[in-house]
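Working notes for the structure below.
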Amino acid sequence: MNGRPGTADGAHHLVERPRRLRRTPALRDLVAETRWHPGQLVLPLFVKEGIDEPAPIASMPGVVQHSLPSLRKAAREAVAAGVGGLMLFAVPEHKDATGYQALAPDGILQRALRETAAEVGDATVLMSDVCLDEFTDHGHCGVLTPDGRVDNDATLERYAAMAVLHADAGVHCVGLSGMMDGQVGAVRRALDGAGHQEVSIVAYTAKYASAFYGPFRDAVECDLHGGNRNAYQMDARNSTEALRELALDEAEGADIVMVKPALTCLDVLHTVAAHARVPVAAYQISGEYAMLEAAAAHGWIDRERAIAETLTSIHRAGADIILTYWAVEAARWRT
Ligand code: PBG
C-alpha cells in the first residue's frame, strides 16, 4: 500500500487509468491531439490531351485522366468540398526526347492551368507539376546527355522556363518534383526575373525512388523502358540526406517543403518537420492509394477507416499539408 502513481493498490484503486479518457466518443474528441482539416488536403489531378471523356486508370480505381471539361468540373467539385489545393499533371499526345510539349505555349498543361485558374480563381490554391517525365519519350524527369544520363543543369533551364509558363497561366504555386540539384534556386530566379515574385514554390525536398509510384506512371503514361530514377531520387536506406536537401531547398527559397512517399517515410517526415522553418507537405502517392483500394475491394479492410487512419498518421508525423487522391472524399467527411 504505497500509493505510487500508476501502481495497483488492489483491484479497485489504479491511480492512472489511461482508459478513462477513451470511454466515450466525446471524451476521445476532447483529448485528440491530431485533427486534419479539408483545407490542408491537396487533390492531384490528371488531364490528358485529345480525349473527350474522362478515361479510367486501371491501377487507380476511382481516379481518371480528365478531359479539359471534366477537369474544370472536378476542380469545381473539389472547391465545393473545401479542398485546400489542386496539383495538376498533364499527359501530352506527343512525347519526345526533350519533352517539347512541356514548353509549348499551347501545351496541354498550360491550357489546363489557364482553364482551371479561370474556373476556380482564388477559391483554392492552384499548383502545377514542374517536371519532364510526363513529356519525355524515355520517361526520365530531365533531358539526357548523349550517353543517356539525366543532365542536371540542362534540365534546370527547362524547369525554369516551364515554371514561368505555369505562372503566366495563373498558378499560385509550382511543384518541383524532379529532384535535380539546384532546381529551387533556378526556378526562383526565373520566376522573379519574369515578374512572378508572388508565385510560391513547393519543393519535393525528400523524394525517394519508390516502387509505389507505379500506378502514377500508368496515369501519366510514363514508360522508363526498364530504367529507374535511382540516380536522382533518394535512396530508401538514407534519412540524413533529407536534412541536407531541406537546408538547400530552404536556402534556395522553397516556400513549402515536401516528403514523398508519405507512409513509407513517416520517420523522415517527422525529422523534416522538426527542422523545417516553412510548412511541410507529404504526398500520399499512387501506390499507397492503389494498395488500400485493392485491399478494400477484396473486403479485407474497412476502407474509410483505413483512409482516415493513414491521413491521421501522416498529419501526426508532422505534415501540415497532405496531397492525396482521396482529398475530395475525405474533405466531405469533415464538412
Ligand atoms: C514526377 C512525379 C512522380 C510522382 C509525382 N511526380 C513520379 C515519379 O517520380 O516517378 C508520383 C506521384 C504518385 O505516385 O502518386 N513528375
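Beta bridges per DSSP, both residues in the chain: antiparallel share near 10 percent. Centroid-to-centroid, using Cα positions, the range 190-253 and the range 278-311 are 21 Å apart.
Among the trypsin sites (Lys or Arg not before Pro) in the range 33-96, those located in a DSSP loop and surrounded by at most 12 other Cβ atoms within 10 Å of their own Cβ are 35. Quick one: among 240, 24, 34, which has the greatest mean-square fluctuation in a GNM of the chain with alpha-carbon springs under 10 angstrom? Answer for the Gaussian network model of the chain: 24. Across the alpha-carbon atoms of the chain, the computed radius of gyration and Dmax are 21.6, 80 angstrom.
Considering the range 295-334 at the alpha-carbon level, its Rg and Dmax are found to be 10.9, 32 Å. A cut-off of 5 Å between modelled amide H atoms, ignoring neighbours fewer than 5 places along the same chain, links residue 125 with 85, 86.
Residues whose amide H falls under 5 Å from that of residue 285, counting only those 5 or more places apart or on a different chain, are 262, 263, with hydrogens built in the peptide plane.
Kindly identify the range 223-332 as rounded, prolate or oblate by the Cα gyration tensor criterion: order the square roots of the eigenvalues as a ≥ b ≥ c, call it rounded if a/c is under 1.5, otherwise compare a/b with b/c, prolate if a/b is larger, else oblate.
oblate
Here the range 35-131 has 54 percent of its accessible surface on carbon and sulfur atoms, given a 1.4 Å probe and all protein chains in place.
Protection proxy ranking of 306-312, 317-323, by the mean of other Cβ atoms within 10 Å over each peptide's residues and highest first, is 317-323, 306-312.
Can you give the calculated 222 nm mean residue ellipticity of the chain, where each DSSP H run of n ≥ 4 adds -39,500 (n - 2.57) and the sum is split over every residue, rounded to the nearest 500 deg cm²/dmol? Spell out each step's value before the answer.
On the way: 11 runs with 127 residues, N = 335.
Theoretical 222 nm ellipticity from helices: -11500 deg cm²/dmol.
The values are calculated or read from the model by the stated rules, or taken from the named source; none is laboratory data. Bear in mind that the values here come from a model prediction, so they are computed numbers and not experimental data. Cβ coordinates were reconstructed from backbone atoms using ideal geometry, including for glycine residues, and neighbour counts include every protein chain displayed. Accessible surface areas use protein heavy atoms only, side chains included; no ligands, DNA or RNA. Shrake-Rupley method; radii C 1.70, N 1.55, O 1.52, S 1.80 Å.
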